[in-house]
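The values are calculated or read from the model by the stated rules, or taken from the named source; none is laboratory data. Worth saying up front: this structure is predicted, and the values here are computed from it rather than measured. So basically every Cβ, Gly included, is an ideal-geometry build from the backbone, and we count neighbours across all protein chains shown. These accessible areas exclude ligands, DNA and RNA; they are computed on the full protein's heavy atoms, side chains included. Shrake-Rupley method; radii C 1.70, N 1.55, O 1.52, S 1.80 Å.
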Amino acid sequence: MRTSEEKKNNRWLGVSALLLALIIWEIAAAVIVRNSFILPSPPDVLIAFIDLLEKGRLLLDFEVSMVHFVIGLGAALVVGIPIGIAMGWSHRFDAFLDPVVEILRPIPPLAWIPFAIIWFGLTAYSAGFVIFIGAIFPIIINTYSGFRGVPRIFVEAGRMLGCTKSRDLIRHVAFPAALPSIAAGIRIATGVGWMCLVAAELFGVSNNGLGMALWFYYDLHQMDCVVVYMLLLGIIGLAFDMIFRYYMDRHFLKWQTGEVA
């Protein structure tokens with residue numbers, strides 16, 4: 001296992017990479033490109049960030065986007081995990097649902113935008129629906145794979161210890177064994193859903209939102225503000241992933257924290 005000193009050194013490596021990226025960005029913007037419309041420099045972006053923060057625009061856009069994201073990801077979790085469990089646990093459910101899932105899964109989330117507008121109108125639910133479509137299939141597939149990968153000996157041992165009903169076997173044996181795969185699916189779904197946010201907000205569901213603001217400032221040719229929102233999308237997505245991993249590792253996957261390198 002890695003020592004705390006090694007982990008600390010690795011964090012500094014990450015910080016060094018970020019600083020190097022900023023230096024390269026500044027050199028490219030100030031020396032090579034020399035056109036703030038094509039590539040704003042880090043100081044330009046920082047000034048734009050402070051200006052947007054003082055106006056209160058960033059907080060409002062973040063709140064609106066979080067509503068859209070929570071609707072979409074929450075619905076994907078509520079629907080996707082039970083479907084994945086059913087398909088992974090029962091061959092009959094798998095045979096019944098697999099053709100439908102495999103037909104719908106390759107359809108891009110953006111292709112559902114016309115139906116999102118027709119079904120939900122220009123509301124937060126239509127944006128949430130697009131995010132839902134992007135997030136649900138990673139959850140289904142990884143939950144299914146996790147349940148399919150549960151060793152048969154675990155199930156037999158559970159029966160020997162008194163778990164005779166399928167409900168008890170799923171709750172006490174299969175679900176804990178499949179949890180690493182389910183967690184991986186949720187991580188992927190969170191990233192995909194967050195990437196769908198820009199497209200979900202683009203068709204006018206609200207006057208605010210991180211994705212909506214990004215395109216609004218592009219129309220005004222204020223590329224420094226565009227970069228601010230691009231970086232915010234990346235930083236917030238990273239924060240979601242770090243919080244989720246920390247919570248899962250600390251509360252549910254303690255037994256899996258061993259490291260080989």
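Of the labelled options (1) 1.06; (2) 1.01; (3) 0.97, which one gives Rg/Rh (Cα atoms, Kirkwood Rh) as computed for this structure? The value computed from this structure is option (1).
How large is the dipole of the stretch 24-103 about the Cα centre if only Lys and Arg carry +1 and Asp and Glu carry -1, each at its Cβ, rounded to the nearest 20 debye? Before the final figure, lay out the partial values.
Values: 4 positive and 9 negative charges, 7 e Å.
Approximately 40 debye in magnitude.
About the centre of its Cα atoms, the chain shows a dipole size close to 1080 debye [charges on the beta carbon of Lys, Arg (+1) and Asp, Glu (-1) only; nearest 20 debye]. Computed with a 1.4 Å probe over protein heavy atoms only, the accessible surface of the stretch 40-256 comes to 55 Å² per residue. Positive-end ranking of I182, A76, V192 along the dipole of the chain, with charges on Cβ about the Cα centre, is headed by I182.
Within the chain, the selection of entire DSSP H helices by a Cα span of 30 Å or greater along the long axis and an average Kyte-Doolittle value of at least 1.0 returns 57-89, 124-148, 175-202, 223-251. For the peptides 20-32, 88-100, 177-189, the ranking by mean Cβ contacts within 10 Å, running from highest to lowest, is 177-189, 88-100, 20-32.
Think of the chain as having a plus end and a minus end, set by charges on the Cβ of Lys, Arg, Asp and Glu; of Y217, P138, G234, P138 sits farthest toward the positive end of this dipole. The length gained by stretching the chain between D94 and W119 to full extension, at 0.36 nm per residue less their Cα-Cα distance, is 6.1 nm. Distance between the pseudo-spin-label points of R148 and F203 (7 Å out from Cα toward the beta carbon): 3.2 nm.
Spin-label pair I103-E54: with each label point 7 Å from Cα along the Cα-Cβ axis, the two points sit 5.7 nm from one another. In this label model, L46 and Q222 are separated by 2.0 nm, measuring between points 7 Å along each Cα→Cβ vector. Highest GNM mean-square fluctuation among T143, T190, T123, for the chain modelled with Cα contacts below 10 Å: T123. At an R0 of 25 angstrom, the distance between the Cβ atoms of A21 and V70 translates into a FRET efficiency of 0.25.
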